[in-house]
1. Going by the conditions given, is MET47 surrounded by fewer than 15 Cβ atoms within 10 Å (Cβ to Cβ) and more than 30 Å from ILE6 (Cβ to Cβ)?
2. Among the residues of the stretch 8-67, write down those that are touching a residue at least 40 places away in the same chain (Cβ under 8 Å) and part of a loop (DSSP other than H, G, I, E, B).
3. Regarding the stretch 12-21, can at least one residue be identified that is among the charged types (D, E, K, R), out of contact with any Gly (no Cβ under 6 Å at 6 or more places or on another chain) and open to solvent by 100 Å² or more (accessible area, probe 1.4 Å)?
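The values are calculated or read from the model by the stated rules, or taken from the named source; none is laboratory data. Everything numeric here is computed off the predicted structure, so don't read it as measured data. In this analysis, Cβ positions are derived from the backbone assuming ideal geometry, glycine residues included, and neighbour counts consider all displayed protein chains. In case anyone asks, the SASA skips ligands and DNA or RNA and just uses the protein heavy atoms, side chains included. Shrake-Rupley method; radii C 1.70, N 1.55, O 1.52, S 1.80 Å.
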Amino acid sequence: AIVFSIVTNKKFDMIIMIFIFLNMLTMTLDHYGQNDMWVFALENLNMGFICIFTTECILKIFALRQHYFTEPWNVFDFVVVILSILGNEAFTKK
């Protein structure tokens, strides 16, 4: 019940929206010819955002159970999180 009240709270949604905005902002900072320090910083920020969005997804699945997958935005969020994890895994194996 506690997790349900957290994930259905509007403040939780606003915090996630802020993280989405920050993630988009960091994605715009990626550019050709960037130095190794910049690459390291952006990769770590990306990993942090993946962790945040994965945690959000897991909390919502735990709280909403099968009802999580009845909302199209949640399904979209789930697919994006899975693709982000898989994409990051493929990127780190280079």
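1. Numbers: surrounded by fewer than 15 Cβ atoms within 10 Å (Cβ to Cβ): yes; more than 30 Å from ILE6 (Cβ to Cβ): no.
In short, no.
2. THR8
3. Just the residues of the stretch 12-21 that are among the charged types (D, E, K, R), to begin with: 13.
Those still in the list that are out of contact with any Gly (no Cβ under 6 Å at 6 or more places or on another chain) too: 13.
So of that shortlist, the ones also open to solvent by 100 Å² or more (accessible area, probe 1.4 Å) come out as none.
Within the stretch 12-21 (the criterion being among the charged types (D, E, K, R), out of contact with any Gly (no Cβ under 6 Å at 6 or more places or on another chain) and open to solvent by 100 Å² or more (accessible area, probe 1.4 Å)), the answer is no, since none of the residues qualifies.
Residue by residue, here is whether (1) within 20 Å of ILE16 (Cα to Cα); (2) open to solvent by 100 Å² or more (accessible area, probe 1.4 Å) holds:
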site	(1), (2)
ASP36	no, yes
ILE52	yes, no
CYS57	yes, no
LYS60	yes, no
LEU64	yes, no
ASN74	yes, no
LEU83	yes, yes
GLY87	no, no
